[in-house]
Amino acid sequence: MPPKPSPRRSALLAELSTASRRYMAAYALFNQAVADRLGLHPTDLQCLNLLGLEAAPVTTGRVAELTGLTTGSATRLVDRLERAGYVTRARDTADRRRVLVATVPERMAEFGAVWGRLTGGWDGLFDAYDDDEVALLLTHMRRTVELSAAQIARLRAEGGAAAGS
């Protein structure tokens with residue numbers, strides 16, 4: 001059994017939990033505002049963000065994996081992005097049975113420009129940190145992504161809706 005945390009650590013962890021919840025809510029609201037600005041659904045915006053991180057065009061199945069949607073929902077998401085001009089579908093030249101989803105560079109540049117104007121202020125936040133502190137923040141973000149993925153998988157494996165839903 002680990003030792004009981006000091007009162008200071010307990011207070012810091014409680015404050016960190018509250019700050020994390022506020023951060024996640026603020027990010028969700030920011031994401032909604034950006035999506036509204038671009039005329040997209042927030043899930044569609046996050047899909048575009050994730051597609052922009054992929055090294056090459058992907059299948060709709062991969063879109064489903066990236067977003068956690070069913071393949072049917074991912075297909076509808078890709079349909080919306082295609083209608084909005086953000087992605088195209090094309091047959092895979094290596095396997096004509098596969099259809100790949102590719103981002104449209106010009107539209108992604110527009111997406112990036114809007115995102116850049118809105119997020120530019122955050123870059124200045126890091127000016128107050130030295131390289132070791134930025135590295136610590138980066139480690140925290142990576143670990144948070146990993147933990148979130150594990151928690152999402154756990155929730156999906158449990159299945160069912162929450163009581164009262």
Within region 86-99, tally of residues that are outside any loop (DSSP other than H, G, I, E, B) and either outside the structural domain of L66 (by TED's automatic domain parsing) or not charged (D, E, K, R) (or both): 4
Do we have A102 as at pLDDT 90 or above, within 18 Å of L45 (Cβ to Cβ) and either in contact with a strand residue (DSSP E or B) (Cβ under 9 Å, 6 or more places away or on another chain) or not assigned by TED's automatic domain parsing to the domain that holds C47 (or both) here? yes
Might you check whether a residue that is exposed (fewer than 11 other Cβ atoms within 10 Å of the Cβ) and of a type in the set (V, I, T) occurs anywhere in region 135-152? yes
Name the residues in region 14-52 that are aliphatic (A, V, I, L, M) and more than 16 Å from the chain's Cα centre (by Cα), would you? A14, L16, A19, L38
For Y129: the one exception among (1) closer than 22 Å to E65 by Cβ; (2) among the hydroxyl-bearing types (S, T, Y); (3) surrounded by 12 or more Cβ atoms within 10 Å (Cβ to Cβ): (1)
For region 44-57, does any single residue satisfy the condition of being part of a helix (DSSP H, G or I), buried (at least 17 other Cβ atoms within 10 Å of the Cβ) and in contact (Cβ under 8 Å) with a residue 60 or more places away in the chain? yes
Failed criterion for M108 (all others in (1) assigned by TED's automatic domain parsing to the domain that holds P42; (2) assigned to a helix (DSSP H, G or I); (3) free of Cβ contacts under 8 Å to residues at least 12 places away in the same chain; (4) of a type in the set (A, V, I, L, M, F, W, C) hold): (3)
Consider T88 carefully, then state whether it is polar (S, T, N, Q), modelled with pLDDT under 95 and either farther than 18 Å from G39 by Cα or surrounded by 10 or more Cβ atoms within 10 Å (Cβ to Cβ) (or both). no
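The values are calculated or read from the model by the stated rules, or taken from the named source; none is laboratory data. Given the structure is predicted, the values throughout are model-derived calculations rather than measurements. Don't worry about glycine lacking a Cβ; one is built from the backbone with ideal geometry, like all the others, and counts go over all protein chains shown.
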